[in-house]
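Peer 1: Here you go, one structure.
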Amino acid sequence: MSTITFEIDGKQCKARAGQTIVEAARENGIYIPVLCWYEGLKPAGICRMCTVKVNGRNMAACTTPAAEGMIVDNAIPELEDMRKALVEMLFVEGNHMCPTCEKSGNCELQALGYRYGLLAPRFPYLFPVRKMDAVYTKIMIDTNRCVQCRRCVRGITTKDGKHIFAMMSRSGKTTIVADPALEAKISDDLAKKAMDQCPVGAILKKEIGFAVPIGRRKYDKAPIGSDIAGK
Amino acid sequence: MSNAGDSVAKVVKKHGKNASMMLDIIREVQDDIGCVSDEAAAGIANSLGVSKVDVDGVISFYHFLSKKPLGKYTVYLNNSAVAIMKGRDAVAKAFEQAVGCSFGETSFDGQIGLYDTSDIGMNDQEPAALINGVVFTSLTPEKAKDLVFQMKAGKDVKAMVREVGDGMNKSDIIHAMVKNNIQKEGPVIFAPFESGSGIRKAVAMTPEQVIEEIKKSNLRGRGGAGFPTGMKWEFTRNAKGKHAYVLCNADEGEPGTFKDRVILTERPEMLFEGMAVAGYAIGASEGVLYLRAEYRYLLDYLNDILTAMRKNGLLGKSAAGKKGFDFDISIKLGAGAYICGEESALIESAEGKRGEPRNRPPFPAQYGYKGQPTAVNNVESLCAAARIMEKGGEWFAKMGTFQSHGVKVLSISGDCTRPGIYEVEFGMTLEKLLEECGGSGAVAVQVGGPSGKCVGKKDFGKKLSFEELPTGGSMIVIGPDRDLLGIVHNFMDFFVEESCGWCTPCRAGNVILKQRLEKVMAGKGTESDLADMASWCGIVKAMSRCGLGQTSPNPIATTLENFREVYEAKLQKGVDFVSEFDMSTAVRDYCVTAGRKAEVKGH
């Protein structure tokens, strides 16, 4: 009774009541690109990579619940070009030096760049002056690489629910910071979780690096999304 | 002045250890000690049981909040397009010379701080500034120097107001220089209104009948989006929740709009009655007026009116004499963020957080203020609702056009001889409006502010209405001698600054668009730059999360459409590509370090 039937790019899909389009698509073997979305976190509609057309209207698939009879356009050229543009915006908005980055090969932004065949961005680089912050005890934050997805803000909290990370400022000047007092007390596991949850190399755990050599990492083996859509 | 710890303890005691009061607490601490220092922020975080970075996040989001001392006197000078048209730059220079520091800084003794701010809702009397929240209008360089002289002498800011405006601005409680400039009174908002005539009619009906009556009037939201008010109330009424709330959006931040300021000054009872009508219709017992920080000078006055209405039995227990209808209104102050005019951002801000819009669904009607069903309505919409109760939905629906019923209050400014407030029936042509306001020499009109459309003469025959020329009220008249691209740039600057930073396209896209516009303005553009800009405008509009991002490229998009020749005139002809690389800029830092002049010939 609570099974919903809807359509993505002409394919019949099933969803459970309350599931978002992104979640349902994954279970139906359809890849909708995401960057700020992370399994288990409340979806936030930040990166807009998952924008689909729902009955002709642009909606973020990560925050829109699947509904009976919905017609969803996903991998259509118009949207794919705009998604590529978003990846390009993220590249020019920050300072991303893949060859020297600890996350290379595990980086979702880089992987999306490959998936969308990004050679040179259509936008000029903004070369912002951003901060690399190593004052923390267990982690360091390189805001040059941050894509502002807020996975850290949403997902990394103390046991009593206090945010360890938060957004500062607004507009293009928004930046993540960690609460120094709370960060000083986090466990190694939580620090590792923060690093793993970060889609790029903005949050790194101190001391150990490059344990797995570049070339043998997640997206070095298979492109992003291939675990879902078998591409 | 007191120390941070004492101040935090005092303010938290007043508001309770309630995180939803965070914004109020922060603001009051700043009022008390001049800024929200690290020590104060830590104290607030401790008392409310949140991380210090969460408190810092809120402080850094709002324009008028600061972690560093802003000065005993804080001068916020409007830098919006119309202010510049009216001589803002000369006034700014006079301030800088007299104070001895640049904008963004404080004087050497820390006494006077000079800051830019976007539109403060005084476009018909620019240049204007807020000094410690007190409004100073129609500034000249001489007046600026005189103000600085008085500040240096340590004078109380309120005592610096030498002439007062018209209407209620003259009252002892407001005592402001601000002028209403009501040029045209219409039948809905500015016609005489007898206190109680709206709400008493409403409570004589059932809530369902009230909603029916509003539906019959075809009233649509006056903030710009135009959602049918009756439908909004019905959704809110039918949504499940413990309580329902009425939120009045008095955060008009669109550059060029100031109509709500005048309504708040001259028709507050009508507005509060409209809120009570909405409350009765949706089954709410609490209303909140979210007042933009720039209009703080009206706060005591508005609270005074609320007190009087409680006394008269129009608010409070058994409001308007209706047993079982308990309804009261409180006022929440913003802290300087255009985005808080977006209804879900307004809710977030009213809950004491960063004013970032929410994802939808769920809509505020289902999940709004404090997670409860909430109707968020514009000041003008609520006033219209009160009038509709008094005169009936049919009376209202007879006015206007097929899809836009009733009247609209417009704020007209710019190159016209009679700027101010015009309450006109929907369906009036732009041409007629320009005649009335003395702006017939216009070559362009910014209809609906920067997020609206910039139209040229070929559209002057169009009618003001949701279907042809929609506007939330901002109308900026632009004469033939203006630098149109300069105005477009000013508007893009505004959107870059006011983006909440949440979603990629709005946060990064507007910066990129503004940069490309600057390339064209510098005479380095080619045809392909115009094509790029048009395409990029489309991406930002299509992919952004909320109304701000979806309309933010409009200054460029609509002038490219209607004034392409202005761009064309700036282009390099016969070349496909002009490098953006500028050697002098590229080596500037190096040259500064080396003590050389950054002038590289041949590039």
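Here, each number is a calculation from the coordinates, and none is a lab measurement. Everything numeric here is computed off the predicted structure, so don't read it as measured data. No Cβ is skipped: glycine too gets one built from the backbone with ideal geometry, and neighbour counts run over all protein chains shown.
Peer 1: Kirkwood Rh and Cα-based Rg: tell me the resulting Rg over Rh for the range B:484-568, rounded to two decimals.
Peer 2: Ratio of gyration radius to Kirkwood radius for the range B:484-568: 0.94.
Peer 1: Return B:489, B:243 ranked ascending by Cβ neighbour count within 10 Å, so the fewest neighbours appear first. Each step should come with its number before you reach the end.
Peer 2: Values: B:489 19, B:243 14.
Going from least to most buried by this count: B:243, B:489.
Peer 1: Need one word for chain A: rounded, prolate or oblate. Basis is the Cα gyration tensor (sqrt eigenvalues a ≥ b ≥ c); a/c below 1.5 gives rounded, then a/b vs b/c decides. Intermediate results must be reported in sequence, preceding the final value.
Peer 2: Numbers: a/c = 1.83, a/b = 1.48, b/c = 1.23.
It comes out prolate by the Cα gyration axes.
Peer 1: Running Debye on the range B:416-539 with equal point scatterers at the Cα sites and no solvent, what base-10 log of I(q)/I(0) appears at q = 0.11, 0.21, 0.22 Å⁻¹?
Peer 2: Here log10 of I(q) over I(0) equals -0.46, -1.19, -1.24.
Peer 1: Please compute the contact order of the range A:84-221 in relative form: average sequence separation of alpha-carbon pairs under 8 Å and at least six residues apart, divided by the residue count, as a percent. Before the final figure, lay out the partial values.
Peer 2: Numbers: 198 pairs, mean separation 41.4, N = 138.
Taking the mean separation of contacting Cα pairs over the length of the range A:84-221, I get 30 percent.
Peer 1: Another question, if that's okay. Pop a pseudo-label 7 angstrom from the Cα along the beta-carbon direction at both residue A:169 and residue B:238 and give the gap in nm to one decimal.
Peer 2: 4.6 nm
Peer 1: A follow-up question, please. Remind me, relative contact order of the range B:183-397 in percent, using alpha carbon pairs under 8 angstrom and six or more residues apart? Display every interim value, and only then the final one.
Peer 2: Values: 428 pairs, mean separation 71.2, N = 215.
Rounded, it is 33 percent for the range B:183-397.
Peer 1: Filter the cross-link list B:145/B:524; B:232/B:462; B:240/B:408; B:179/B:453; B:143/B:524 down to pairs whose alpha-carbon distance in this structure exceeds 31 Å. Numbers along the way, then the final one.
Peer 2: On the way: B:145/B:524 39 Å; B:232/B:462 29 Å; B:240/B:408 33 Å; B:179/B:453 27 Å; B:143/B:524 40 Å.
Going by Cα-Cα distance, B:145/B:524; B:240/B:408; B:143/B:524 fall outside the 31 Å limit.
Peer 1: How would you rank B:399, B:122, going from fewest to most other Cβ atoms within 10 Å of each one's own Cβ?
Peer 2: The most exposed by this proxy come first: B:399, B:122.
Peer 1: At a Förster radius of 51 Å, what calculated FRET efficiency corresponds to the Cβ-Cβ distance of residue B:39 and residue B:524, to the nearest 0.05? Before the final figure, lay out each step's value.
Peer 2: Details: r = 49 Å, r/R0 = 0.96.
Calculated value: 0.55.
Peer 1: On alpha carbon coordinates alone, what is the Rg over Rh value for the range A:142-182, Rh being the Kirkwood radius? Intermediate values should be presented prior to the final figure.
Peer 2: Working: Rg = 10.5 Å, Rh = 10.8 Å.
Taking Rh as the inverse mean 1/r over Cα pairs, Rg/Rh reads 0.98.
Peer 1: Greater than 32 Å separation of Cα atoms is the criterion. Which listed pairs, B:519/B:597; B:68/B:514; B:332/B:457; A:53/B:216; B:86/B:570, meet it? Walk me through the intermediate numbers first.
Peer 2: Values: B:519/B:597 23 Å; B:68/B:514 29 Å; B:332/B:457 42 Å; A:53/B:216 34 Å; B:86/B:570 25 Å.
Check vs 32 Å cut-off fails for B:332/B:457; A:53/B:216.
Peer 1: Let me ask something additional. Restricting the calculation to Cα positions, tell me the Rg (one decimal) and the Dmax (whole number) of chain B in Å.
Peer 2: In order Rg, Dmax, the Cα atoms of chain B give 24.5, 83 Å.
Peer 1: Is the range B:4-61 rounded, prolate or oblate when judged by the Cα gyration tensor, a ≥ b ≥ c being the square roots of its eigenvalues, rounded requiring a/c under 1.5 and prolate requiring a/b larger than b/c?
Peer 2: Rounded shape, in that the Cα axes give a/c under 1.5.
Peer 1: Could you pull out every residue, at least 5 positions away or on a different chain, whose amide H is within less than 5 Å of the one on residue B:285? Hs are placed 1.01 Å off N in the peptide plane, and Pro or chain starts have none.
Peer 2: B:244
Peer 1: Is it possible to state the helix-based mean residue ellipticity at 222 nm for chain B, with each DSSP H run of 4+ residues giving -39500 (n - 2.57), the sum divided by total residues, to the nearest 500 deg cm²/dmol? What is it?
Peer 2: Numbers: 25 runs with 252 residues, N = 603.
Here the helix-only value at 222 nm equals -12500 deg cm²/dmol.
Peer 1: Please compute, over every Cα-Cα pair in the range B:183-397, the percentage with a separation greater than 26 angstrom.
Peer 2: Working: 6006 of 23005 pairs.
Across the range B:183-397, Cα pairs with separations above 26 Å total 26 percent.
Peer 1: List, largest first, the extents of the alpha carbons of the range B:62-131 along their principal axes, each in whole Å.
Peer 2: Here the Cα extents, ordered largest to smallest, are 33, 28, 14 Å.
Peer 1: Right, something else. What ranking of B:340, A:107 emerges when the number of other C-beta atoms within 10 Å of each C-beta is taken as an exposure proxy, fewest first?
Peer 2: Values: B:340 30, A:107 25.
Ordered by Cβ neighbours within 10 Å, fewest first: A:107, B:340.
Peer 1: Continuing with this model, one more query. For the range B:100-230, what's the radius of gyration and Dmax over Cα atoms, in angstrom?
Peer 2: 21.6, 63
Peer 1: Could I ask something else about it? Report the far tail of the P(r) of the range B:281-433, meaning the percent of Cα-Cα pairs longer than 20 Å. Write down the numbers at each step before the final one.
Peer 2: Numbers: 7357 of 11628 pairs.
Counting pairs separated by more than 20 Å, the tail of P(r) holds 63 percent.
Peer 1: For chain B, can you list the cysteines whose C-beta has no other cysteine C-beta under 4.7 Å from it?
Peer 2: Taking the Cβ cut-off of 4.7 Å, the unpaired cysteines of chain B are B:35, B:101, B:248, B:340, B:383, B:454, B:500, B:503, B:506, B:537, B:546, B:591.
Peer 1: How far apart, in nm, are the 7 Å Cα→Cβ label points at residue B:311 and residue B:586?
Peer 2: Between residue B:311 and residue B:586, the label points sit 7.3 nm apart.
Peer 1: To the nearest 0.05, what FRET efficiency results for residue A:218 and residue B:105 with a Förster distance of 51 Å applied to their C-beta separation?
Peer 2: 0.55
Peer 1: Further, regarding this structure: Which residues make up the longest stretch of chain A clear of GluC sites (Glu not before Pro) that lie in a DSSP loop with no more than 11 other Cβ atoms within 10 Å, not counting the sites? The partial results should precede the final answer.
Peer 2: Working: sites that count: A:39, A:68, A:207.
Between exposed loop sites, the widest span is A:69-206.
Peer 1: Now, a different point. Given R₀ = 51 Å, what would the calculated FRET efficiency be for residue B:31 paired with residue A:100, taking r from the Cβ atoms and rounding to 0.05? Walk me through the numbers on the way to the answer.
Peer 2: Numbers: r = 48 Å, r/R0 = 0.93.
Working from the Cβ atoms, E equals 0.60.
Peer 1: Further question: Plugging the Kirkwood radius over Cα pairs into Stokes-Einstein for the range A:3-75, at a temperature of 20 °C and a viscosity of 1.002 mPa s, what D comes out in µm²/s?
Peer 2: On the way: Rh = 11.8 Å.
Estimated via Stokes-Einstein, D reaches 182 µm²/s.
Peer 1: Would you mind listing how long the range B:148-288 runs along its three principal axes, going by Cα atoms, in whole Å with the largest first?
Peer 2: Cα spread of the range B:148-288 along its principal axes, largest to smallest: 59, 34, 28 Å.
Peer 1: Would you tally the net charge around residue B:313, using a Cβ to Cβ cut-off of less than 14 Å, leaving residue B:313 out, and scoring K and R as +1, D and E as -1?
Peer 2: Working: positive: B:200, B:310, B:311, B:317, B:322, B:323; negative: B:269, B:273, B:326, B:328.
Surrounding charge for residue B:313 is +2.
Peer 1: Sticking with this structure for a sec: Using only the alpha carbons of the protein assembly as shown, what is the convex hull's orientation-averaged projected area in square nanometres?
Peer 2: If you wrap the Cα atoms of the protein assembly as shown in a convex hull and average its projections, you get 37.1 nm².
Peer 1: Then there is this: Based on alpha-carbon atoms only, what is the radius of gyration of the range B:407-478 relative to the globular estimate 2.2 N^0.38 Å? Could you put the intermediate results ahead of the total?
Peer 2: Numbers: Rg = 10.3 Å, N = 72, 2.2 N^0.38 = 11.2 Å.
For the range B:407-478, the normalised Cα radius of gyration is 0.92.
Peer 1: Can you tell me the relative contact order of the range B:383-463? Whole percent, Cα pairs under 8 Å, sequence separation 6 or more.
Peer 2: Values: 101 pairs, mean separation 17.0, N = 81.
It rounds to 21 percent for the range B:383-463.
Peer 1: Once fully extended, how much extra length lies between residue B:457 and residue B:212, figured as 0.36 nm per residue of separation less the alpha-carbon to alpha-carbon distance? Could the numbers behind the result be given before it?
Peer 2: Details: separation 245, 0.36 × 245 = 88.20 nm, distance 4.05 nm.
Gain on stretching residue B:457 to residue B:212: 84.2 nm.
Peer 1: Also, quick follow-up: Where in the range B:175-270 are there trypsin sites (Lys or Arg not before Pro) that are in a DSSP coil and have at most 16 other Cβ atoms within 10 angstrom of their Cβ? Let's see the in-between values first.
Peer 2: Values: sites: B:179, B:184, B:200, B:201, B:215, B:216, B:220, B:222, B:232, B:237, B:240, B:242, B:259, B:261; in loops: B:179, B:222, B:240, B:242.
In loop regions of the range B:175-270 (DSSP not H, G, I, E or B), the sparsely surrounded trypsin sites (Lys or Arg not before Pro) are B:240, B:242.
Peer 1: Here's another thing I want to ask about it. How large is ³J(HN,Hα), in whole Hz, for each residue of the range B:484-492 in order, when computed from phi with the Karplus curve 6.51 cos²θ - 1.76 cosθ + 1.60 and θ = phi - 60°, using x for Gly and Pro?
Peer 2: 4, 5, x, 5, 4, 5, 4, 5, 5
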